[in-house]
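Read through the structure below, which is laid out as structure tokens, and then see the notes.
Each reported figure results from applying straightforward, stated rules to the coordinates on display, with no laboratory input. In this text the structure is predicted, and so the values were computed from the model without any measurement. Virtual Cβ from ideal backbone geometry, glycine too; neighbours counted across all protein chains shown.
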Amino acid sequence: MRKVYAQISGLGMYVPARVLTNADLERMVDTSDAWITQRTGIKERRLVEKETLTDLATIASKQALENAKVRSEDLDLIIVSTTTPDMQFPSTSCLVQKEIGAKNAACFDLAAACTGFIYALGVANQFILSGTYKNILVIAGEVLSSITDWKDRSTCVLFGDGAGAVVIQPTTEKRGIISVYLGADGNFADFLKVPAGGSRLPASKETVEKRQHFLKMKGNETFKIAVRAMGEAAEKALSLAGVSAEEVDCLIPHQANIRIIHSVAKRLGISEDKVFVNIDRYGNMSSASVAVALYEAVEQGRIREGTIAALIAFGSGFTWGGCVIRW
Ligand code: UT7
């Protein structure tokens, strides 16, 4: 029998104060509140003004550490899941380490797009189960506004900025992360990407003029695969955990589109009152979406001691994943 489980012992989140409403977007591109609400479920999103990803991540992290009663110098590892790091290097995790004074922690960033928080939980889980580390800080944060094309109505209405953080520690009680399932298919790399700015297409006058540093998405095609992959991710993670869909008390899906969320819940046979939704207030924050939703579900008492929560996500790559947690 397994002696150690990895449990989430503290949570934090931060979203910038600036709110961009659908009415604001109506003044920026050819769109309407009715279209955005009906097609996506989003009413408003938060955007940074002067803050960096490190600023968002640092505030969320300090709250998570306080919540877990863990001193920053006792952290062994910091993982930051992001597709919008402050810079290509050093990693944002090193920048956060400096801000919070976690001088004894190893640091790296992890790129799995919107699925990144679940990938990072999977990595942290392994470090705990192997006995390598005792105090791990997992952060999922994004400044998607920095890669959003504010002239492209098909994408600019979707995204927001924010960060969530959790502290993960070992426990001998049978609680915490019960299963993690991760999947990917690089054949779909072109469906959702930022074409320029990497080593394949470095920044140049031409790439800037062609707006290639902004996110491009084949929305409709991505939608269909997202429903299928998130459903499969949930089924695989539940099966690995030995938990049935009926036993799930709270489903925390990636917040990309309310219609995707409803379709996945229906496919799994999970009633909508068990599904956590905050897309109306924040839009799609990529990997930060599940982390922030988890924080709010705990804060609102939707997740409490004994609750079985299923986290599922899907994103660029394509990547997808599921994680079952007994709280
Ligand atoms: O987070 C990672 C994964 N991401 C996702 O899973 C997102 C998946 N995709 C989606 O959520 C949806 O596909 C979108 C919300 C992006 C788009 O919704 P859709 O129902 O798939 O719309 P569509 O792209 O098929 O476009 C339908 C119509 C088009 O007009 P015509 O060609 O029918 O005349 C678009 O030009 O809606 C138009 N349209 C808009 N109209 C008003 C597209 N964007 C807008 C807009 N406002 N913002």
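For the residue pair ALA34 and GLN300, what label-to-label distance in nm results when each label sits 7 Å from Cα along the Cα-to-beta-carbon direction?
Between ALA34 and GLN300, the simple spin-label model gives 2.8 nm.
With a cut-off of 8 Å between alpha carbons and a minimum separation of six or more residues, what is the relative contact order of the chain in percent? Don't skip to the end; give the middle numbers.
Working: 813 pairs, mean separation 81.0, N = 327.
The value is 25 percent.
Which whole number of Å³ per residue matches the convex hull of the alpha-carbon atoms in the chain? Don't jump to the answer; show the numbers that get you there.
On the way: hull volume 41.9 nm³, N = 327.
Cα-based convex hull of the chain, divided per residue, equals 128 Å³.
Average the reciprocal distances over every distinct pair of alpha-carbons in the stretch 5-173, invert the result, and give the Kirkwood radius in Å.
One over the average 1/r among Cα pairs gives 16.7 Å for the stretch 5-173.
Can you figure out the FRET efficiency of ARG71 with VAL19, using R₀ = 30 Å and their beta-carbon distance, to the nearest 0.05?
Here the calculated transfer efficiency is 0.30.
Report the FRET efficiency, 1/(1 + (r/R0)^6), for ASP185 and GLN126, where r is their Cβ-Cβ distance and R0 is 25 Å, rounded to 0.05.
It comes to 0.65.
Please list, in order along the stretch 212-227, the HN-Hα scalar couplings obtained from phi with the Karplus expression 6.51 cos²θ - 1.76 cosθ + 1.60 (θ = phi - 60°), rounded to whole Hz, x for Gly and Pro.
Calculated HN-Hα couplings, in order: 7, 8, 9, 5, 10, 9, 8, x, 5, 5, 4, 3, 4, 5, 4, 4 Hz.
What's the magnitude of the charge dipole for the chain around its Cα centre, counting Lys and Arg as +1 and Asp and Glu as -1 at the beta-carbon? Answer in Debye, nearest 20.
380
Rounded to the nearest Å, what's the spacing between the alpha carbon centres of the stretch 280-309 and the stretch 115-160? Just the number, please.
When both Cα centres are located, 14 Å separates them.
Between LYS205 and ASP149, what length in nm is gained on full extension when 0.36 nm per residue of separation is reduced by their alpha carbon distance? Don't skip to the answer; put the middle values down first.
Details: separation 56, 0.36 × 56 = 20.16 nm, distance 1.67 nm.
Working it through step by step, the gained length comes to 18.5 nm.
Considering the chain as a Gaussian network with a 10 Å cut-off on Cα pairs, which listed residue, MET13, MET87, MET28, attains the greatest mean-square fluctuation?
Per the Cα network of the chain with a 10 Å cutoff, MET87 tops the list.
Under the rule of -39500 (n - 2.57) per DSSP H run of 4 or more residues, summed and divided by the residues of the chain, what mean residue ellipticity at 222 nm is obtained, to the nearest 500 deg cm²/dmol?
One gets -10000 deg cm²/dmol as the mean residue ellipticity at 222 nm.
Using the Karplus curve 6.51 cos²θ - 1.76 cosθ + 1.60 with θ = phi - 60°, work out ³J(HN,Hα) for each residue of the stretch 86-97 in order, rounded to whole Hz, and write x for Gly and Pro.
Computed from phi, the couplings for the stretch 86-97 are 3, 7, 4, 8, x, 5, 4, 4, 5, 5, 5, 3 Hz.
Along Cα→Cβ, 7 Å out, is where each label goes; now give me the distance between the ones at ASN220 and ARG267 in nm to one decimal.
1.9
Arranged from highest to lowest average of other beta-carbon atoms within 10 Å per residue, in what order do the peptides 298-305, 201-208, 236-243 appear?
Highest-to-lowest ranking by the protection proxy: 236-243, 298-305, 201-208.
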